[in-house]
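This report concerns only the one structure given below.
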Amino acid sequence: MKKIAILGSTGSIGTQALDVIRSNPELFKVYALTANRNAKLLVEQVREFNPKIAVIADKSKYGELKSALSGIPVEIWAGEDAIPEAASQAAVDIVLTAMVGYAGLKPTLSAIEAGKTIALANKETLVVAGEIVMEAAKKHGTAILPVDSEHSAIFQCLAGEKGNTVEKILLTASGGPFRKHSKEMLATVNKRDALNHPNWSMGEKITIDSATMMNKGFEMIEAKWLFGVTTAQIKILVHPQSIVHSMVQFVDNSVKAQMGLPDMRLPILYALAYPNRIPANFKSTDFTQLPPLTFEEPDMQRFPCLALTYEAIGQGGNMPCILNAANEAAVAAFLEDRISFTAIGTVIEKTMRRATFIPTPTLGDYILTDGEARTISEEIIRQVQALPGQQRPC
Ligand code: NDP
């Protein structure tokens, strides 16, 4: 029986992970659940899964949680610092990092230092501080098992290939809702359009990242750190059907692919059950019923956020951290109807030009960088808002 801590249990990945655990009670036990401020759903989850610990990051929700769970044998903790604490409890075997954004970095590092196996959904952790995180994992002998469907696919393709040279990673991308939009059309899209992903149902932030293709750039950086390849070895392919979740090309030019219908419960189950495969009742793929599988080059002109990810990882140092912070600020501003869709890239690019570059950052530097980049982004967002035609699209 593996004891699991789910960081971000009330989100899209978190709830799907609980679905996987619900179907396999003899294999997995929930030990800790954490949320940001959705106390109502956290209460329901605690009642169903009986964890030892429940954490709410927003301290103002503590009272609500406490009274709703009175009489239930669960420790209730509140505040951001309680999340790394919960993740590093001695009894925990696996920590599923399903929190969104930069907030995932500290708890992931704490869990690594405590020697926990990491099921990593929170890709921002590797975007911000990939080098430090991978070094910590090596030092503490911690396995990082990918949950992102593309990285799980690559990981599965690499199984049994130890010692064999990888020529290329073929990282697939759905292309998002605006794959066929011209630049002019992109200037007129709104939040509702951007949140309407064709193949996946996900949290709001990653759905916007998919629409801008920032998500694919983040995944390129994530793959570089997870699999120890150069960015030149990673080829992004737009594959709108989302059936081939990614591929690996070996030195003999043989290509292995992992395929299936889009369902995040599969990579979650694979990470939690690893190294075993266990039976699941997910819908199986009927290849005779699939549309033709197609592959295209990504368009960096129409999707400048993707080009910015190559620039950031090319510069290295704290630049990917600046990229991530600016993206979080810009996406939040777009979701609040403060800036247009195309202004997201503008805010990020301008922040990357203005923030202080540090070639070999420490963890402390990353924390300062995140704060500085967010402040700069907010200034740029206010300037963008003041420009005629740049504010909220209708
Ligand atoms: P959601 O927005 O659906 O959920 C985020 C979760 O994190 C919620 O439980 C939320 O709590 C919690 N949370 C948010 N901010 C904080 C914070 N500051 N401190 C503590 N907890 C916080 O996101 P997703 O599930 O879509 O994504 C989670 C991560 O997984 C992201 O990094 C994403 O890139 C990655 N991922 C997601 C995929 C998907 O299909 N959704 C696919 C591959 C990767 P609350 O509900 O209380 O706000």
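Please report, for the Cα atoms of the chain, the Rg to one decimal and the Dmax as a whole number; what are they, in angstrom?
20.6, 62
Calculate the dipole size of segment 119-271 relative to its Cα centre from +1 charges on Lys and Arg beta carbons and -1 charges on Asp and Glu beta carbons; express the result in debye to the nearest 20.
With Lys and Arg at +1 and Asp and Glu at -1, about 160 debye.
Explain nothing, just compute: Karplus ³J(HN,Hα) = 6.51 cos²θ - 1.76 cosθ + 1.60, θ = phi - 60°, for every residue of segment 260-265 in order, whole Hz, x for Gly and Pro.
Result, ordered by residue: x, 5, x, 7, 5, 5 Hz.
Might you tell me the accessible area per residue for segment 212-304, computed with a 1.4 Å probe and given in Å²? Write out the running numbers ahead of the final one.
On the way: 4440 Å² over 93 residues.
That works out to 48 Å² for each residue.
How much length would be gained if the chain were fully extended between Lys180 and Arg47, taking 0.36 nm per residue of separation minus their Cα-Cα distance, in nm to one decimal?
Details: separation 133, 0.36 × 133 = 47.88 nm, distance 4.52 nm.
Between Lys180 and Arg47, full extension yields 43.4 nm more.
Give the peptides 23-29, 295-301 in descending order of average Cβ contacts within 10 Å, highest first. Don't skip to the answer; put the middle values down first.
Details: 23-29: 15.0, 295-301: 13.3.
Packing order, densest peptide first, comes out as 23-29, 295-301.
Once Lys and Arg get +1 and Asp and Glu get -1 on their Cβ, which of Phe49, Thr10, Trp77 lies farthest toward the positive end of the dipole of segment 1-136?
Phe49
Normalising by the residue count of the chain, find the relative contact order in percent from Cα pairs under 8 Å and 6+ residues apart. Can you show the working numbers first?
Working: 737 pairs, mean separation 55.8, N = 394.
This gives 14 percent for the chain.
Taking a quarter of the surface of the convex hull around the Cα atoms of segment 191-240, what do you get in nm²? Could you put the intermediate results ahead of the total?
Values: hull surface 15.5 nm².
Projected area, direction-averaged: 3.9 nm².
In whole Å, what three semi-axes, largest first, describe the equivalent ellipsoid of segment 144-245 built from its Cα gyration tensor (square root of 5 times each eigenvalue)? Show your work: numbers first, answer last.
Values: eigenvalues 160, 35, 26 Å².
In descending order the semi-axes read 28, 13, 11 Å.
Stokes-Einstein diffusion coefficient for segment 225-288 at 25 °C in a medium of 0.890 mPa s, Rh from the Kirkwood formula over Cα pairs: what value in µm²/s? Could the numbers behind the result be given before it?
Numbers: Rh = 14.1 Å.
After rounding, the answer is 174 µm²/s.
Quick check on segment 259-329: take the gyration tensor over C-alpha atoms, sort the square-rooted eigenvalues as a ≥ b ≥ c, and tell me if it's rounded (a/c under 1.5), prolate or oblate. Kindly include the intermediate steps, with their values, before the conclusion.
On the way: a/c = 3.38, a/b = 1.64, b/c = 2.06.
Note, shape of segment 259-329 comes out oblate.
Under a 5 Å amide H to amide H cut-off, with H placed in plane at 1.01 Å, what residues pair with Ile236 once short-range neighbours are removed?
Leu171
I'd like the FRET efficiency for Ser60 and Thr188, computed as 1/(1 + (r/R0)^6) with the beta carbon distance as r and R0 of 22 Å, rounded to 0.05. If you can, show how the numbers build up before the last one.
Details: r = 38 Å, r/R0 = 1.75.
That pair, Ser60 with Thr188, gives E of 0.05.
Take the alpha carbon atoms of segment 1-64, find their center, do the same for segment 168-194, and report the distance between the two centers in whole angstrom.
33
Starting from the amide H of Arg338, placed 1.01 Å from N in the peptide plane, find each other amide H under 5 Å away whose residue is 5 or more places distant or on another chain.
Hits under the 5 Å cutoff: none.
With +1 on the Cβ of every Lys and Arg and -1 on the Cβ of every Asp and Glu, and nothing else charged, how large is the dipole of the chain about its Cα centre, in debye rounded to the nearest 20? Could you put the intermediate results ahead of the total?
On the way: 39 positive and 41 negative charges, 89 e Å.
In debye, rounded to 20, the chain gives about 420.
Checking the a/c ratio against 1.5 first, then a/b against b/c, what shape does the Cα gyration tensor give for segment 255-297?
Numbers: a/c = 2.49, a/b = 1.65, b/c = 1.51.
Because a/c hits 1.5 or more and a/b exceeds b/c, segment 255-297 counts as prolate.
For q values of 0.14, 0.16, 0.20 Å⁻¹, compute log₁₀ I(q)/I(0) with the Debye formula on a Cα-only model of segment 82-217, without solvent.
-0.76, -0.92, -1.18
Enumerate the calculated ³J(HN,Hα) couplings along segment 93-105 in order (Karplus 6.51 cos²θ - 1.76 cosθ + 1.60, θ = phi - 60°), each rounded to whole Hz, writing x wherever the residue is Gly or Pro.
Whole-Hz 3J(HN,Hα) from phi for segment 93-105: 9, 10, 10, 8, 8, 10, 7, 9, x, 4, 4, x, 4.
Read phi for every residue in segment 288-293 and hand back ³J(HN,Hα) as whole Hz from Karplus 6.51 cos²θ - 1.76 cosθ + 1.60, θ = phi - 60°, with x for Gly and Pro.
Per-residue couplings from phi come out as 6, 9, 6, x, x, 8 Hz.
Give the carbon-plus-sulfur fraction of the accessible surface of the chain in %, rounded to a whole number; probe 1.4 Å, heavy atoms of protein chains only.
In the chain, the share of accessible area belonging to carbon and sulfur is 52 percent.
Any idea how far apart Arg277 and Thr362 come out in nm if each label point goes 7 Å out from Cα toward Cβ?
4.7
Lysine pairs in segment 1-144 with Cα distance under 16 Å, only those 8 or more apart or on different chains: how many are there?
Close lysine pairs found across segment 1-144: 16.
Return the long-range amide H neighbours of Lys2 (sequence gap of 5 or more, or a different chain), with a cut-off of under 5 Å between placed amide H atoms.
For Lys2, whose amide H was placed from the backbone, the distant partners under 5 Å are Phe28, Lys29.
Can you give the charge dipole size of segment 13-149 about its Cα centre, rounded to the nearest 20 debye, using +1 on the beta carbon of Lys and Arg and -1 on the beta carbon of Asp and Glu? Don't skip to the end; give the middle numbers.
Values: 14 positive and 16 negative charges, 40 e Å.
Roughly 200 debye, rounded to the nearest 20.
Consider a paramagnetic label point 7 Å from the Cα of Glu80 along Cα→Cβ; state which residues of segment 303-339 have an amide N under 20 Å from it.
Label zone hits: 318-333.
What do you get when you divide the Cα radius of gyration of segment 266-394 by 2.2 N^0.38 Å, with N the number of residues?
Working: Rg = 19.9 Å, N = 129, 2.2 N^0.38 = 13.9 Å.
After normalising by residue count via 2.2 N^0.38 Å, the value is 1.42.
The values are calculated or read from the model by the stated rules, or taken from the named source; none is laboratory data. If you're wondering where the values come from, they're calculated on a predicted model, not measured in any experiment. Quick reminder, even Gly has a Cβ in these numbers, built from the backbone with ideal geometry, and neighbours come from all protein chains shown. Note: accessible area is taken over every heavy atom of the protein model, side chains too, but ligands, DNA and RNA are not part of it. Shrake-Rupley method; radii C 1.70, N 1.55, O 1.52, S 1.80 Å.
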